[in-house]
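The values are calculated or read from the model by the stated rules, or taken from the named source; none is laboratory data. Quantities reported herein were computed from a predicted structural model and do not represent experimental measurements. Because the Cβ atoms are built from the backbone with ideal geometry, glycine has one as well, and the counts that use them run over all protein chains shown. Surface areas here come from the heavy atoms of the whole protein model, side chains and all, with no ligands, DNA or RNA. Shrake-Rupley method; radii C 1.70, N 1.55, O 1.52, S 1.80 Å.
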Amino acid sequence: NAGVTQTPKFQVLKTGQSMTLQCAQDMNHEYMSWYRQDPGMGLRLIHYSVGAGITDQGEVPNGYNVSRSTTEDFPLRLLSAAPSQTSVYFCASSYTRERSPLHFGNGTRLTVT
Amino acid sequence: KQEVTQIPAALSVPEGENLVLNCSFTDSAIYNLQWFRQDPGKGLTSLLLIQSSQREQTSGRLNASLDKSSGRSTLYIAASQPGDSATYLCAVSFIQGAQKLVFGQGTRLTINP
């Protein structure tokens, strides 16, 4: 049981490049989400999903896309990277949104130059 | 706007002391409150989850309490150890806008040997 797995751990992009951050969980969780963590800003929700085929926007969705084709995977796509997207990105999952503890991956540290 | 506040931002105590971390929130209509631990460069680990109908939860040397009416939660750590050094975050699942957790900024705890 690996929990929530994020890849890559580190990434450097140039402005304008695109990339996909991968997230997979093996706990059969319905709810999955992406956060970014920035100094002084705390954790902010980017996008979330309550099940395969269902996604919705969080607090800071601009510049990011998501899809949920399977229960296990929830990739985050950066369409055209900007320096403001330099951050640490966390994927998290839980059985249900309201009643279950949230399990986090170890994060992806992204730098956009 | 729903907010979660943690005070103090940082705390340093000698080993062996019992200590209390505080979390306050602006709306008593919540599903639950979670306490997390974050080690440097790592993801968040869920410590305790208190449902809105509960008053407290215990796990080993940790005890979390919840007072919805006053919008407060405390995390009590007994007999602190250097290994408890980490950042502790609380997160509240509000009923309005229930698809996201609102995180506090965290308390950075240092236990001195």
Would you confirm whether any residue within the range B:94-106 is in contact with a helix residue (DSSP H, G or I) (Cβ under 6 Å, 6 or more places away or on another chain) and either open to solvent by 20 Å² or more (accessible area, probe 1.4 Å) or modelled with pLDDT of 95 or more (or both)?
no
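Scan the range A:86-94 and tell me whether some residue there is surrounded by 14 or more Cβ atoms within 10 Å (Cβ to Cβ), touching a Lys or Arg at 6+ places or on another chain (Cβ under 6 Å), within 11 Å of another protein chain (Cβ to nearest Cβ) and part of a loop (DSSP other than H, G, I, E, B). First the steps, then the outcome.
The first filter runs over the range A:86-94 and keeps only residues surrounded by 14 or more Cβ atoms within 10 Å (Cβ to Cβ), leaving A:86-94.
Cutting the leftovers down to touching a Lys or Arg at 6+ places or on another chain (Cβ under 6 Å) gives us A:87-89.
Next cut, within 11 Å of another protein chain (Cβ to nearest Cβ) only: A:88-89.
Still in the running and part of a loop (DSSP other than H, G, I, E, B): none.
No, the conditions are met nowhere in the range A:86-94.
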B:LEU109 passes all but one of (1) open to solvent by less than 10 Å² (accessible area, probe 1.4 Å); (2) within 14 Å of another protein chain (Cβ to nearest Cβ); (3) modelled with pLDDT of 95 or more; which number fails?
(2)
Please determine whether any residue of the range B:21-30 is on the phi < 0 side of the Ramachandran plot and within 11 Å of chain A (Cβ to nearest Cβ).
yes
Exclusive hit being outside any strand (DSSP E or B), surrounded by fewer than 16 Cβ atoms within 10 Å (Cβ to Cβ) and hydrophobic (A, V, I, L, M, F, W, C), set A:ALA81, A:ALA2
A:ALA2
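Let's see how each residue does on (1) touching a Gly at 6+ places or on another chain (Cβ under 9 Å); (2) hydrophobic (A, V, I, L, M, F, W, C); (3) closer than 30 Å to A:GLN6 by Cα:
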residue	(1), (2), (3)
B:LEU11	no, yes, no
B:ASN18	no, no, no
B:ALA29	no, yes, no
B:ASP39	no, no, yes
B:THR45	no, no, yes
B:ILE50	no, yes, yes
B:SER59	no, no, yes
Within the bounds of the range A:13-21, is there any residue that is within 27 Å of B:LEU48 (Cβ to Cβ), of a type in the set (Val, Ile, Thr) and either part of a strand (DSSP E or B) or in contact with a strand residue (DSSP E or B) (Cβ under 8 Å, 6 or more places away or on another chain) (or both)?
no
Which numbered condition in (1) polar (S, T, N, Q); (2) closer than 20 Å to A:ASN106 by Cα; (3) surrounded by 21 or more Cβ atoms within 10 Å (Cβ to Cβ) is the only one that B:SER73 fails?
(2)
Output for the range B:50-65, where each listed residue is within 14 Å of the chain's Cα centre (by Cα), closer than 15 Å to A:PRO101 by Cβ and surrounded by 14 or more Cβ atoms within 10 Å (Cβ to Cβ):
B:ILE50, B:GLN51, B:GLN57, B:LEU62, B:ALA64
Just to be sure, is A:VAL50 open to solvent by 10 Å² or more (accessible area, probe 1.4 Å), away from every other protein chain (no Cβ under 13 Å) and of a type in the set (Val, Ile, Thr)?
no
Those residues of the range A:97-113 which are part of a loop (DSSP other than H, G, I, E, B) and at the interface with chain B (Cβ under 10 Å from one of its Cβ atoms), in sequence order
A:ARG97, A:GLU98, A:ARG99, A:SER100, A:PRO101, A:LEU102, A:GLY105, A:ASN106, A:GLY107
Only one residue in B:GLY16, B:GLY41 is of a type outside the set (Lys, Arg) and more than 14 Å from chain A (Cβ to nearest Cβ). Which one?
B:GLY16
Answer residue from the range A:56-87, given it is more than 10 Å from the chain's Cα centre (by Cα) and among the β-branched types (Val, Ile, Thr) and is nearest to A:THR20 (Cα to Cα) among those:
A:THR86
